[in-house]
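The block underneath contains the structure these notes are about, expressed in structure tokens.
The values are calculated or read from the model by the stated rules, or taken from the named source; none is laboratory data. Keep in mind the model is a prediction, meaning the values are calculated, not measured. Cβ coordinates were reconstructed from backbone atoms using ideal geometry, including for glycine residues, and neighbour counts include every protein chain displayed. For the accessible areas, the whole protein counts, side chains as well, though only heavy atoms, and no ligand, DNA or RNA atoms are used. Shrake-Rupley method; radii C 1.70, N 1.55, O 1.52, S 1.80 Å.
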Amino acid sequence: MTRTRLHVRGAVQGVGFRPFIHRLASERALAGWVCNHPDGVLAELQGPAAAIGALLSALTSEAPDAARIDAVDTEPVAPDPAAAGFHIVASVATALDRAQHPVLPPDLATCAACLAEVADAHGRRHRYPFTSCTACGPRYSIALALPYDRARTSMGDFSLCPACAREYHDPADRRHHAQPLACPACGPVLRLEDPAGTVLARADHALRTAAAALQDGAIVAVAGLGGYQLMCDASDDAVVQRLRTRKRRPDKPFALLLTPAQLDACCQVSAAERAVLTSSRAPIVLLQRRVAATATATATATATATATATATADTGLAIASAVAPGQPRLGVMLPATALHHLLLADSGRALVCTSGNLGDEPMATRPDDARARLSAIADLLLHHDRAIVRPVDDSVLRVDARGVTLLRRARGYAPAGHRVAAAVAPPAPPILALGGHQKGTLTLLADGVALVSQHLGDLGSAEGADLLARAAADLLAFQQVRPALIACDLHPDYASTRLAEALAAQHGARLVRVQHHHAHALACAADRGLAGRFLALTWDGAGLGDDGTSWGGEALVVTSTGYRRVGRLRRFALPGGDAASREPRRSALGLAWACCGDDLPAELTACFSPGELTTLTRARDAGLAMPTTSSIGRLFDAVAALTGVRHQRGYEGQAATLLEHLATAYTGASVAVPAWPLTAHADLLEADPAPLVRAMLAARRAGAAPGALALALHEALAALALALVRHADLPDVVLTGGCFQNALLTARVTAALEAAGHRVHSHADFPANDGALSLGQAVAAARAHAAAATATTTATTTATTTTTTTTTTASATAHDAGVA
């Protein structure tokens, strides 16, 4: 007879892990107990050594699907002669004498067993929209603190009825210790309101009324799993256009909420895509439209589309043109909750399902916030009384030859601890990284584990900046951590930078400012476990460089102590500054000035009124400050304008996305791509785009198709990547930055580099865009800490390291001068 204490760490709370251990122990007639702990699950097992060994083997081989075991620690303890039976006991709320990594699983889509209950007309959960069990339902969006018990969630407001209590305490029931457990008698209730706040219906009547309104063309704001969503009939172009007008979202595609039958009717779905769609993560997946014989595949007058405005499948399902204007792909998700299943079934419509916000603001999570911000958009609001503790948006991804590529990491994927090797991020005290200005995330790096938050959105609004501050406070409180280092971007005007400065002062933490593209490179290194020296191609829209200018087409040699820039695109002006990021024609004007002087192509001058062009030219000639950039993202914008694809943009990355779609769909001969003139400035290689621009303009005048021009750009950039990599002469190459969300560009660059014998590393578990920036900042801070610890023995002296990272305390600042 032996007794063993067991400590399991990882995503083991909220997944039915205690009932799982209870079952394993009972099957083996072991005595003891199991409970939740702030850092995982604790248990003591008493019985024959062989039986305990068998349980430990089954622990990993039979664990619940949603669980992730990071570590299992065991130690022998003295047997208890009075021990009898195995029990789930009250959680332990005290901390261990070690670094804690409490991990809660993401919210999980409703399982098949719960959906069967919802559909059972004779069951007590018939049509109940909040049905869940230990295998599914809300987790992160309702958790207030750990250990994960009902009292520490927003379900603590709902007392269990006798029937639910029996399920909760029955070891044989799949709802044994399921914290979101509820039924119509004791759980959350729906209510439907008009924009004035008048309650129109409650419970199932509210759901049926909302579904009928969707049938009749209404826009309904629905409180979903992690926040409010705006829904409408996806087949009615007028309704979708009305939503666009009210939401102030003129062009950016909307996501679709579909049943499996609707999915097959309007999209081509591979086995890999279907597996992701039907998983418990239930993300939005970008899928190719299925265009029937009744539809005509034509380009628009400006050649910005490769599919018809409305894709109609053979079954007769139509998706309005306004859902995804000019896009050959549709963003589609299957229902993640019983509420979504019921709304789809009752309405009988394919539904637009987009974030409940105005423009780029964060989505609403509270009824009062929804009334204030969504009443001018929605005709009806469908609330419930289960509090959403934190906003969790839908994840977005695509599946290609490389596998899953995350574009937005949120519900289903976050939060999840990511172990970072010490060779990538040296040991350091807890680090909080605040990310950039767009696609905001937070990262807490402690004891070798990076906890990267869900997508928080852009920070351009007061609401966005406030959400970042609240999310940072929530993350630190939830993880019970006080940061010793705070990392942020170099840009002084970002809301994330200002918050970092305030938090550093509040916590007495050292502030580490990290160059934007260095952070991109280290994010991919942490994602892929890449240590040592490598070359990073960091291509995106913009990031402040260490020289005070806008970067975005860089080649960086990254080492353990910093980075050295060895290549870039030749700089060109951005007339109007930030306005150029919203108007591709302005980027085109700056590029044309750099490539053609004042002999501007007629294709470009036609994009401006005479007055606009005169004003911008005079400003340049007068020597007025006009920022310049080396950005590949702005190069995409400029080429889109010069080739007639897009002069203005409705959303970030639109012009580049259209070029990608045109190039992907094009099957003819490409335009001949001239070689890149490369000029060495010391060890910095500069690529001149002028020959490429002139060749593309000449090809356009000769009648080349937009797709041919778009393909030529992608081929030219692949050639540029190869030239930069040959110059650096390193075996390992990282592809990172928003431009590498482009599947065609990534594939062409990867093929060219691998053919030349290089090892290419792209993002896997995190996006290539700014959504992973905070992860890279945290790694940079860990490296800066290690360098400082090596170079100095005092806490107030910052070592000068070979990096452009700046390390400060709350009261003093020191700038690193050099680059590695």
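Per residue, the range 1-70 exposes an accessible area of 33 Å² to a 1.4 Å probe, with every protein chain left in place. What is the sum of charges around Ala416, taking Lys and Arg as +1, Asp and Glu as -1, for the other residues whose C-beta is under 10 Å from the C-beta of Ala416? It works out to a net charge of +1. Ligands, DNA and RNA left out, the 1.4 Å accessible surface of the range 44-167 is 57% carbon and sulfur atoms. Of the labelled options (i) 75; (ii) 28; (iii) 60, which one gives percent of Cα pairs over 45 Å apart as computed for this structure? Entry (ii). Pull out a ≥ b ≥ c, the square roots of the eigenvalues of the alpha-carbon gyration tensor of the range 501-587, then state rounded if a/c is under 1.5, prolate if not and a/b is larger than b/c, and oblate in the remaining case. Judged from the Cα gyration tensor, the range 501-587 comes out oblate (a/c at least 1.5, b/c at or above a/b). Placing R0 at 25 angstrom, the Cβ-Cβ distance between Asp157 and Arg482 gives a FRET efficiency of 0.25 after rounding to 0.05.
Of all DSSP bridge pairs formed entirely within the chain, close to 75 percent run antiparallel. The portion of the accessible surface of the range 442-541 made up by carbon and sulfur, rounded to a whole percent, is 50 (1.4 Å probe; DNA, RNA and ligands excluded).
Our summary gives the chain a relative contact order of 11 percent, counting only alpha carbon pairs under 8 angstrom and 6 or more residues apart. Please work out whether the range 356-429 counts as rounded, prolate or oblate from its C-alpha gyration tensor, where a ≥ b ≥ c are the square roots of the eigenvalues and a/c under 1.5 means rounded, while otherwise a/b larger than b/c means prolate and anything else oblate? Cα axes put the range 356-429 in the prolate bin. Neighbours of Val239, meaning other residues whose beta-carbon lies under 13 angstrom from its beta-carbon, give a summed charge of 0 when Lys and Arg score +1 and Asp and Glu score -1. Which of rounded, prolate or oblate describes the range 318-377 when judged by the alpha-carbon gyration tensor and an a/c cut-off of 1.5? Because a/c hits 1.5 or more and a/b fails to exceed b/c, the range 318-377 counts as oblate.
Taking the average, over residues, of other Cβ atoms within 10 Å as the packing measure, peptides 422-433, 628-639 rank 628-639, 422-433 from highest down.
Taking trypsin sites (Lys or Arg not before Pro) across the range 514-585, the ones in a DSSP loop with at most 15 further Cβ atoms lying within 10 angstrom of their Cβ are Arg533. A Förster radius of 56 Å combined with the Cβ-Cβ distance from Ala121 to His681 puts the calculated FRET efficiency at roughly 0.15.
Rounded to the nearest 5, the antiparallel percentage of DSSP beta bridges internal to the range 487-561 is 75%. Extension gain, Leu200-Gln648: 0.36 nm per intervening residue step, less the Cα-Cα distance, totals 157.0 nm. Placing pseudo-labels 7 Å out from each Cα toward the beta carbon at Arg470 and Glu75 gives an inter-label distance of 4.1 nm. Ordering Thr750, Thr605 by accessible surface, largest first, gives Thr605, Thr750; the 1.4 Å probe counts only protein heavy atoms, with every chain in place.
What does the highest-first list of 785-791, 663-669 look like by mean Cβ count within 10 Å?
Highest mean packing first, the order is 785-791, 663-669.
Among residues other than Gly326 with Cβ under 15 Å from its Cβ, the summed charge is +4 (Lys and Arg +1, Asp and Glu -1).
Taking all Cα pairs closer than 8 Å and separated by 6 or more residues, the relative contact order of the range 486-534 comes to 35 percent.
The heavy atoms of Asp400 offer some 50 square angstrom of accessible surface to a 1.4 angstrom probe.
Here is what passes the span test in the chain: the DSSP H helices with alpha carbon length of 30 Å or more along the helix axis and a Kyte-Doolittle mean of -0.5 or above are 706-728. Sites listed here are trypsin sites (Lys or Arg not before Pro) in the range 39-132 whose DSSP assignment is loop and whose Cβ has at most 11 other Cβ atoms within 10 Å: Arg98. Structural descriptor for the range 490-638: relative contact order 24 percent, calculated from alpha carbon pairs under 8 angstrom and at least 6 residues apart. Per residue, the accessible area of the range 559-684 comes to 40 Å² when a 1.4 Å probe rolls over the protein heavy atoms. Taking Arg470, Arg152 and ordering them by how much accessible surface each has at a 1.4 Å probe, largest first, produces Arg470, Arg152.
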